[in-house]
């Protein structure tokens, strides 16, 4: 199997991917730094007053599910981009697609169980197997199918919400403890992540298996899979390639933000009003950001396309696009840095860094990747993990050094 050449790479997609990779760290840092319950329930652990509350509000409003949505959309677009090139060369992309994503699944499993449980690569690989046969649909059918698939978690959410009054007290107690764990459970998680390597791997695997099974079935499958189909449609419509007019993208951004931000803000207001009670916030209270984030993500895409079309800021765009070209490496590097800072194999600061200070760490990682990615690609054709992925996919060692 011969590689698909990377000539004429679409810079707007690399630019989008680079910004998305940086953006998802705003949320992922919370999982590196704090007990898992604090990701969805800000009252579960840590201070939530003053700067920490402002940090959480801004992170939720501008980042939570927004950049991950863009990343999922781009993954779907990437399926079309790669398979179309392969089909032009050989007539079939089946072997390439499934081999490529089986390798990604393996990388994701190793990442999730050995480094950080919050891995999204496993879900993406599994979803890619399912959405691939739909890639030939028209943009309209892809959008409709994607939106229908995206609605499944909301339907399941509604069923859970409706069933709460009929649940046995023991099941309600289990749900409550998962949403707001006792101090003993919190301490157990902190001890595991700040303990020996074997303790960290055990806790990682426990958390990862929960995400790869239950959470995948009720959420990731539908969210990621639906957005991949939306991404295929947007790619076919040329929206991700910056081919439309500046006014087209600005209008899309304006209307999407006008819809998305009020939905997310109202959802935040209601969750705080309900004091983040699990019977509301775990179910109905989660749906405002679930849907509002889609509008905001699309607005971000539109604004980034305006940026991509600009004749200015060449150096900034090139460096951000370099981050996108090394997306897999930079994503895994987030986890390696996070594990070193917060887990017991490194500095062991898990549970000790407030939300506002977490953003300082995020900023430092951003600066490093912004400067280092372009430098790396001046000497090498791929990021190290991209090279491994590509070599395993094609069954032979790929050229690495630039001539």
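Here, each number is a calculation from the coordinates, and none is a lab measurement. Every value quoted in this text rests on a predicted model; they were computed, and no experiment measured them. With ideal geometry, Cβ positions are generated from the backbone for all residues, glycine too; neighbour counts draw on all protein chains shown.
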> How big is region 124-261 on each of its three principal axes, counting only the C-alpha atoms and giving the largest first in Å?
Replying inline: 56, 42, 33
>> P(r) for region 178-333, please, calculated from all Cα pair distances in 5 Å bins and given in %.
In response: 2, 7, 9, 12, 16, 15, 14, 11, 8, 4, 1, 0
>> Nearest 500 deg cm²/dmol is fine: what mean residue ellipticity at 222 nm does the chain get from its DSSP H runs of n ≥ 4 alone, each adding -39,500 (n - 2.57), divided by its residue count?
In response: -23500 deg cm²/dmol
> In terms of the ratio Rg/(2.2 N^0.38 Å) built on C-alpha atoms, what value belongs to region 64-104?
Replying inline: 1.37
> What does the highest-first list of 345-353, 176-184 look like by mean Cβ count within 10 Å?
Replying inline: 345-353, 176-184
> For region 333-403, what log10 I(q)/I(0) values come out of the Debye formula at q = 0.22 1/Å, with one point per alpha carbon and no solvent?
Replying inline: -0.95
> Between the helical axis of 183-193 and the dominant principal axis of the chain, each derived from Cα atoms, what acute angle in degrees is found, rounded to the nearest 10?
Replying inline: 30
>> Let me check against my output: what whole-number percent is the relative contact order of the chain, with C-alpha pairs under 8 Å and at least 6 apart?
In response: 31
> Helix 66-90 sits at what angle to the longest principal axis of the chain, using alpha carbons and giving 0 to 90 degrees rounded to 10?
Replying inline: 30
> If you line up the long axis of helix 121-131 against the longest principal axis of the chain, both from Cα atoms, how many degrees apart are they, to the nearest 10?
Replying inline: 60
> Hey, got the Cα dimensions of region 253-356 along the principal axes, in Å, largest first?
Replying inline: 47, 46, 22
> How big is D for region 11-394, in µm² s⁻¹ as a whole number, if Stokes-Einstein is applied with the Kirkwood radius of its Cα pairs at 25 °C and 0.890 mPa s?
Replying inline: 114
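Going from the alpha-carbon gyration tensor of region 288-332, what semi-axes, largest first and in whole Å, does one get by taking the root of 5 times each eigenvalue? If you can, show how the numbers build up before the last one.
Numbers: eigenvalues 111, 63, 6 Å².
Semi-axes (√(5λ), whole Å): 24, 18, 5.
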> For region 185-267, what is Rg from Cα atoms divided by 2.2 N^0.38 Å, rounded to two decimals?
Replying inline: 1.74
>> Tell me whether region 1-139 comes out rounded, prolate or oblate; compute the Cα gyration tensor, take square roots of the eigenvalues as a ≥ b ≥ c, and use a/c under 1.5 as the rounded threshold.
In response: prolate
